[in-house]
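Worksheet for the structure shown next.
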Amino acid sequence: SLLVPYRKCSQPLTCNSMSTGVHVEQKDHESFLRRRGLSKLLYLRLFPDLVSAASEAARLCYNDGFASETHWFAGTSMQTSKASSQNSRLHIVSMQVTHEVFAGSQLRVQPVSEKPWEIVVYELGPESFVMLYEIDTRAGFAEWESRLSVRRQGMNLVSAQFRMLDANRSGSVDRKELGEMMQCIEAGKQPKRWTAEKVDRLMNQIDSKHGSDGIQLEQFVEW
């Protein structure tokens, strides 16, 4: 697609009511992205609103991983959206994605998955949204939040530690990876304190708010 620089605007950015995070002023925005090594965001396709950007990202993601001769992308509907506490221009959008599927001789529209997809969108300016999927198809919200955080002091080190722990590059630290870290810390000590039971308790303590099977970068930072 044709790369067109985003429209520079002197107006202040208006964030949605859910935004409580740190804000980058419009006049400083371009230099902020260049310092982060993300000036390519300035040349992505523009969308007039959050929903249209997230919908197109969902369509591309579906076509990359799910489309087939019997499955076609049908549409999306937004469930929720939330701005990052680290940068109020960064949004995570929950989208319910549907596709058309042949069931016998009938064509049915049904959800691709039970849970909504989480799409990451960035707000360059008023009516100027871009889908970060165009830059990195694998990065999740936590990784983008780290890369675009306005409060970045110390984040590089923490992110590097997280990536070292996440040996399988799943985007989260599971019980096995957490246990290996704790056992490495106490290497050579007797008796061994980090039993499987204690690792489970630590895992549940860190992940108490989400109850998932892995620790996300944001939870690791808070811990």
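The values are calculated or read from the model by the stated rules, or taken from the named source; none is laboratory data. This is a predicted model, so every value here is computed, not measured. Glycine also receives a Cβ, built like all others from the backbone with ideal geometry; neighbour counts cover every protein chain displayed. The accessibility values were calculated without ligands, DNA or RNA, using every heavy atom of the protein model including side chains. Shrake-Rupley method; radii C 1.70, N 1.55, O 1.52, S 1.80 Å.
Residue check: Gly179 meets all listed conditions (1) more than 21 Å from Ala57 (Cβ to Cβ); (2) at pLDDT 75 or above; (3) open to solvent by 80 Å² or more (accessible area, probe 1.4 Å) but one, namely (3). Of the residues Thr20, Thr70, Thr14, the single one that is under 21 Å from the mean Cα position of the chain (by Cα), β-branched (Val, Ile, Thr), modelled with pLDDT under 95 and surrounded by fewer than 17 Cβ atoms within 10 Å (Cβ to Cβ) is Thr20.
For region 142-174, the candidate set comprises residues that are open to solvent by less than 40 Å² (accessible area, probe 1.4 Å) and out of contact with any strand residue (DSSP E or B) (no Cβ under 9 Å at 6 or more places or on another chain); within that set, the residue that is modelled with the lowest pLDDT is Met155.
All conditions in (1) closer than 30 Å to Glu25 by Cα; (2) open to solvent by 50 Å² or more (accessible area, probe 1.4 Å); (3) not hydrophobic (A, V, I, L, M, F, W, C) hold for Lys115, with the sole exception of (1).
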